[in-house]
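Heads up: the structure comes next, in C-alpha cells.
Rule-based calculations on the coordinates, nothing more; no lab input. Nothing here was measured: the structure is a model prediction, and the numbers come from that model. Because the Cβ atoms are built from the backbone with ideal geometry, glycine has one as well, and the counts that use them run over all protein chains shown.
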2 protein chains.
Amino acid sequence: MTLQQAIEKLNRTEKAIYALNHATCIVSTDGETAAPRESWRARGESLAYLSELLYQQTQNPELEEALQTILAHREETDEITYRRAQVLQEDYEDMHVLPMEEYVAYGQLTNDAGAVWRQAKQESDYALFAPYLEKLIAARRRYASLKAPEKPVYDVLLDCYEKGATMAQLDPFFETVRRELTPLIAEFAKKPLTPPAFMSEVFPVAAQREFSDRIMALEGIDPARCTLGETEHPFTSGPNKWDVRITTHYHKEDVLASLYSVIHEGGHALYEMGVADELQYTCLGGGSTMGVHESQSRFYENLIGRSRAFAEPLLRAMKEFFPDQMRDVTEEELYRAVNLAKPSLIRTEADELTYSLHVMIRYELEKAMMAGDLTVPELPAAWNEMYRKYLGVTPPDDRQGVLQDSHWSFGGMGYFPSYALGSAYGVQMLRRMEKEMDVWGNVARGDLSPITAWLGEKIHRFGRLKEPMNVLQNAMGGPLDPTVYTDYLKEKFTPLLRA
Amino acid sequence: MTLQQAIEKLNRTEKAIYALNHATCIVSTDGETAAPRESWRARGESLAYLSELLYQQTQNPELEEALQTILAHREETDEITYRRAQVLQEDYEDMHVLPMEEYVAYGQLTNDAGAVWRQAKQESDYALFAPYLEKLIAARRRYASLKAPEKPVYDVLLDCYEKGATMAQLDPFFETVRRELTPLIAEFAKKPLTPPAFMSEVFPVAAQREFSDRIMALEGIDPARCTLGETEHPFTSGPNKWDVRITTHYHKEDVLASLYSVIHEGGHALYEMGVADELQYTCLGGGSTMGVHESQSRFYENLIGRSRAFAEPLLRAMKEFFPDQMRDVTEEELYRAVNLAKPSLIRTEADELTYSLHVMIRYELEKAMMAGDLTVPELPAAWNEMYRKYLGVTPPDDRQGVLQDSHWSFGGMGYFPSYALGSAYGVQMLRRMEKEMDVWGNVARGDLSPITAWLGEKIHRFGRLKEPMNVLQNAMGGPLDPTVYTDYLKEKFTPLLRA
C-alpha cells in the first residue's frame with residue numbers, strides 16, 4: 001500500500017465514522033431531550049446497529065495497513081494526517097479490546113443499567129441497582145485485564161478519561177486537597193448558612209428560559225451553532241463545531257441552579273465550538289480529555305461565573321429579567337449568594353470549596369472497588385462513612401447518597417477525578433491568563449470575548465491534534481501543582497468565612 | 001436458498017433498514033426542530049452516508065434471491081412475511097431505478113433545492129429557484145423514463161404517492177370538483193367576510209403551547225408516544241409507533257392556525273400510532289399511501305374538527321385556556337368562525353370548501369409541466385392565471401403564488417392530488433361510520449375514542465399489510481365517488497352562505 005492509498009483509505013474511513021458518530025450523537029441527544037418517553041423501546045435496536053457498523057468499519061485489515069503505512073512515514077505526512085492516524089489507532093485499539101458481540105452487549109448493558117439506575121434512584125432502592133453494578137464492575141475489570149493485563153485495573157480506567165492519569169499521580173493530588181481544604185471546610189460547617197432574601201423568591205420558569213438566552217449571549221455563545229434543551233441532568237453534546245447542544249433544568253424556587261448549569265455547559269460548548277475548522281469531520285474534531293473539558297466548563301462556571309467581578313454584569317442581567325425579585329440586591333450580596341459554602345450531600349449542588357471532596361470520596365471508593373477491597377453490598381455504608389468523615393454529613397437515604405450520580409450506570413468508573421483535575425487545571429490557566437491580560441476588568445465589563453479568545457488560542461483550537469498534557473502544560477505554564485488550586489480556594493473562601 | 005434461509009436474510013435486512021431509517025428520520029426531524037441553524041453544514045454528509053448504506057443494504061444478489069424465494073412460496077409463508085417480501089421488493093426496485101451515485105446525488109439536489117426554495121420564497125424571487133426546478137423536473141422525468149418508459153411521466157409520479165392513481169382517474173375527479181364546487185365558491189367570493197370579534201384578540205404563545213397539550217389530549221394522543229415541536233411548516237414524522245413527532249407553528253394573532261395544525265398532524269400521528277405491534281420494525285410498520293394518510297389527518301381536522309358538534313368540546317377547552325378572549329363566544333359563532341369560506345391565495349390557510357381547488361390548480365400545472373406543455377419560465381404566469389380563473393384572486397407576488405409550497409423543492413411532483421383524494425376518501429369513511437355509530441353524539445361529548453377505534457380497526461392497524469385500495473374500499477364501503485365529497489361540501493357550506 002502506498003502512502004497515497006493509505007491516506008485515501010483513512011479519509012474514506014473517517015467519513016464513515018463521522019457519519020455514524022453524527023447519527024449516534026443526534027439519536028442519543030434527541031432521546032434525552034425531544035423524544036417521547038416510550039421511544040426508548042425502539043431506539044436501542046437502532047443504536048446497537050450503528051455501533052455494530054462503527055465496529056466493523058474500523059476493524060478491517062485494510063484500515064490497519066493504512067494506519068501502519070501512515071505511521072511509518074512521519075516525515076512525508078502532514079501533522080494533521082499523521083495525528084489522525086495516531087488517534088484513530090488509539091481509539092479503535094480501545095474499541096477492539098472487546099470482540100464485537102461483547103462490545104455491543106456492553107452497550108446494551110449500560111443502556112439497561114441506565115434505566116434501572118434511574119428507577120433505583122427515584123425509589124431510593126440500592127438493591128435494585130446492585131446486580132447491574134456487579135455486572136458493570138465485572139465488565140470494566142474484564143476490559144482492563146484485556147487491554148493492559150500488567151497494570152492495575154483502576155489505572156487502566158483512569159486513563160480512559162484522563163490520558164496518563166494514574167493512582168500514583170492522583171493519590172498525592174487528593175491527599176493535598178484533603179490536607180489543605182479540610183480545616184477550612186470544617187469552619188464553614190460550623191458557620192450557619194445565611195442565604196439572602198432573594199434566594200427564597202419565585203423565579204418563573206418562562207422568565208428563566210428567556211434569561212438563559214441572555215446568559216448564553218453574555219458567555220459569547222453563538223445561538224446559530226448551539227441550542228439549549230431541557231433535561232433532568234444537564235449535559236453537552238453535538239457532532240461538530242456547528243452543531244452543539246447544551247441542556248439545563250429549571251427550578252422555579254432556585255434561579256441559580258439553572259444559571260450555573262447553563263454557564264457550565266456553555267463552557268463545554270465553547271470548547272467544542274472553538275476547535276479548528278480543518279479538524280472537523282475527523283477524529284481530532286472534538287475536545288480532548290474529560291479533564292481538559294472540565295477545565296473549560298468549570299473555568300466559566302466558577303473562576304469567572306462565581307468571581308466578584310462577574311457579579312456586576314450578572315446582577316445587571318438578573319435585574320433586567322427579574323426586577324421584582326432582585327430589586328434591592330447588591331453586587332456584594334449576589335457574590336456571597338453564589339458562593340455560599342457548606343458541606344452537603346449532593347455533588348452537583350456543592351459549592352466550589354467542598355466540591356473536590358465529593359470527588360475525592362468517589363475516587364477512594366472506586367479505587368477500593370476496582371481493587372476488590374470493597375464489595376457492591378458494602379458500598380452504601382462505605383459511602384456514608386466517607387461523607388460523615390470528610391464532610392460531616394450523613395445521607396438519609398441512598399437517593400441522596402450512593403445512587404445520586406449516573407456515572408457508574410454507564411460504566412464510568414474512573415471518570416470522577418476529571419472533575420477535580422479540571423478545576424485544578426483551570427486555576428493554573430487563570431493564573432497565567434492574569435499575567436497576560438486584564439481578566440477582571442473584562443469580566444466586570446461583561447466582555448468575556450478576550451478570555452474565550454485566550455482559551456481558544458491555547459486550548460480550544462487544537463481539539464485532539466496535540467497530546468493533551470502538552471496543550472495543558474503550555475496553557476498552565478508548567479506541570480499540574482495542586483497547591484495552586486488549594487491556594488486559590490483558600491484565598492477566595494477565607495474572607496467569605498468572615499462575611 | 002431454502003425458504004428458512006430466505007426468511008432469515010429478510011429479517012437481517014429489515015433490521016438494518018429499520019435502524020438506518022430510524023437514524024435518518026431522527027436526524028432529519030431534529031434538523032427541522034431542535035438543531036441550531038448552522039448545523040445544516042455538517043448534516044448533509046451524514047445523511048448522504050446513511051442513504052448510501054441503505055442503498056447498498058438493499059441492493060445485493062443474496063437479498064434478491066431471498067425475496068424471489070419467499071415470493072415463490074406463497075402457500076408456505078405467513079401473510080406478514082409474504083407481504084414484507086412483496087413491499088420490500090417494490091420499495092427497493094423503486095430505489096434502484098437510479099444507480100447509487102445518481103440516487104445519492106438526487107438526495108443532495110433536493111437538499112440544496114430546499115434551502116434555495118426557502119430563500120427564494122422569503123425574497124419572493126422565482127428566478128433564484130427556477131434553475132433548481134429545471135433540474136428537479138429533469139431528474140423526475142429521468143426517473144419516470146427509467147422506471148416505466150411505456151407510461152406517461154406524470155402517471156409514474158402519481159403512483160409514487162398514491163398507488164394506482166393515474167390521470168385517467170384524476171381528470172374526471174377534478175372535473176367533478178370543478179363543476180360541482182365552482183358555483184358555490186363564486187357565491188362565497190361575493191359574500192363579505194365577517195370574522196367574529198374574538199378572532200382579532202391576542203392569544204399569547206405561552207398559553208397556546210399549553211392549549212396544544214389539551215387539544216392533543218382531546219384528540220386522544222398519548223403524550224408518552226408523541227411529542228409536539230415547533231417549525232415554520234407543520235409536519236408529522238417518527239420512526240415507529242412508540243415515537244411519533246408532530247409540529248406546529250404559533251401566531252399570537254391567530255389561535256386557529258396552530259389549533260388546526262395540531263389536530264391535522266395529530267390525525268397523521270394517530271394513524272402511525274395505531275399500526276399493529278407485529279408490523280413494527282418491518283417495512284409494513286407505517287402508514288400506506290399519502291392519500292390514505294391525508295384521509296386520516298383531514299378527517300380529524302375538517303370532518304370532526306370543523307363540525308358543528310365539535311364546537312361544543314372545543315369552546316369548553318378554549319374558554320378554559322383563553323377565558324378573556326372567548327368570554328361571550330357561542331358554539332354557533334365558533335362553528336362559523338372555523339368555517340369562514342372565501343377564495344384566497346394560500347393553500348395551507350384555505351377553508352375546507354375552496355381547498356380542493358387549490359389542489360386542482362397544482363394538478364393541472366404539474367400535468368402540463370411533466371408533459372412538457374408548460375416550461376419553467378412560463379409557470380408563474382400560468383399559476384396566476386389559474387388562480388384568477390378558478391378562485392378569482394391574483395397573487396401580488398410569487399411568495400404568495402407559485403413559491404408558496406415546499407413540495408416541488410423536494411421533487412414531490414405528483415404529491416398534491418393526495419390531499420384532495422384524502423379529503424374525498426375521508427368523507428366516504430364518515431358516511432359509513434355514521435351508519436355504524438353515533439358519531440356526532442360522541443364528538444359533542446368530546447369523546448373521540450370510538451371514532452379512533454373505528455379508524456384503527458378499518459385503516460390504522462393494517463399499516464402496509466394490505467393493498468391500499470382494498471383497505472380503503474373496505475373502509476369506504478365502495479369505490480371512490482367524488483360526488484359524495486362534493487355533496488358533503490355543498491350540504492355543509494350552503495347553509496353557511498346565508499349565515
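Points worth noting:
- Mean partner shielding of peptide B:13-22, defined as the number of other chain Cβ atoms within 10 Å of each residue Cβ, is 4.
- Note that segment B:455-468 has calculated 3J(HN,Hα) couplings of 5, x, 5, 8, 10, 4, 4, 6, x, 9, 5, 10, 4, x Hz, one per residue in order, obtained from phi through the Karplus relation 6.51 cos²θ - 1.76 cosθ + 1.60 (θ = phi - 60°); glycine and proline are x.
- Under Karplus coefficients 6.51, -1.76 and 1.60, residue-wise ³J(HN,Hα) of segment B:65-77 in Hz, glycine/proline x: 5, 4, 5, 4, 4, 5, 5, 7, 10, 4, 4, 8, 10
- Antiparallel bridge percentage (DSSP; both residues within the protein assembly as shown; nearest 5): 45
- Over 18 Å apart at the Cα level, from the set B:15/B:163; A:190/A:389; A:191/A:490; A:190/A:342; B:163/B:490, are B:15/B:163; B:163/B:490.
- Shape parameters for segment B:3-96, alpha-carbon atoms, Rg then Dmax in Å: 16.2, 54
- Dipole magnitude (debye, nearest 20) for the protein assembly as shown, charges at Cβ of Lys, Arg, Asp, Glu: 1320
- As a proxy for reagent exposure, ranking A:425, A:281 by other Cβ atoms within 10 Å from fewest up yields A:281, A:425.
- For chain A, DSSP calls about 45 percent of its internal beta bridges antiparallel.
- Calculated diffusion of the protein assembly as shown, Stokes-Einstein form, Kirkwood radius summed over Cα pairs, 37 °C and 0.692 mPa s, µm²/s: 104
- Each stretch of four or more DSSP H residues adds -39500 (n - 2.57); spread over every residue of the protein assembly as shown, this sum gives -20500 deg cm²/dmol at 222 nm.
- Computed over segment B:25-175, the percent of Cα pairs more than 26 Å apart is 45.
- Between residue B:202 and any residue 5 or more places off or on another chain, the built amide H atoms are never under 5 Å apart.
- Restricting the GluC sites (Glu not before Pro) of segment A:48-118 to loop positions (DSSP other than H, G, I, E, B) with no more than 13 neighbouring Cβ atoms within 10 Å leaves A:75, A:76.
- Pairwise centroid distance, computed over Cα atoms, of segment B:417-446 with segment B:71-143, Å: 32
- Acute angle (nearest 10 degrees) that the helix B:482-498 long axis makes with the longest principal axis of chain B, alpha-carbon atoms: 20
- Dipole in debye (nearest 20) - segment B:167-498, about Cα centre, beta carbon charges: Lys, Arg +1; Asp, Glu -1: 480
- Listed by chain and number, the aspartates and glutamates whose alpha-carbon sits under 19 Å from that of residue A:319, ignoring those within fewer than 8 places in the same chain, are A:201, A:210, A:213, A:219, A:253, A:254, A:328, A:331, A:332, A:333, A:447.
- For chain A: relative contact order, % (alpha-carbon pairs under 8 angstrom, 6 or more apart): 19
- Overall, segment A:396-499 carries a charge dipole of about 200 debye about its Cα centre when +1 sits on the Cβ of Lys and Arg and -1 on the Cβ of Asp and Glu, all other atoms neutral.
- Cβ crowding within 10 Å ranks B:112, B:30 as B:112, B:30, fewest other Cβ atoms first.
- Neighbouring partner chain Cβ atoms per residue of A:233-245, average, 10 Å criterion: 4
- Ranked A:25, B:226, criterion: other C-beta atoms within 10 Å, fewest first: A:25, B:226
- Of all aspartates and glutamates in the structure, those lying under 12 Å Cα to Cα from residue A:9, and not within fewer than 8 positions of it along the same chain, are A:62, A:64, A:65.
- When you filter the GluC sites (Glu not before Pro) in segment B:160-204 for DSSP loop state and at most 13 other Cβ atoms inside 10 Å of their Cβ, nothing is left.
- Per the Debye calculation on segment B:167-498 with a single equal scatterer at every Cα and no solvent contribution, log₁₀ I(q)/I(0) for q = 0.09, 0.11, 0.13 Å⁻¹ amounts to -0.47, -0.72, -1.04.
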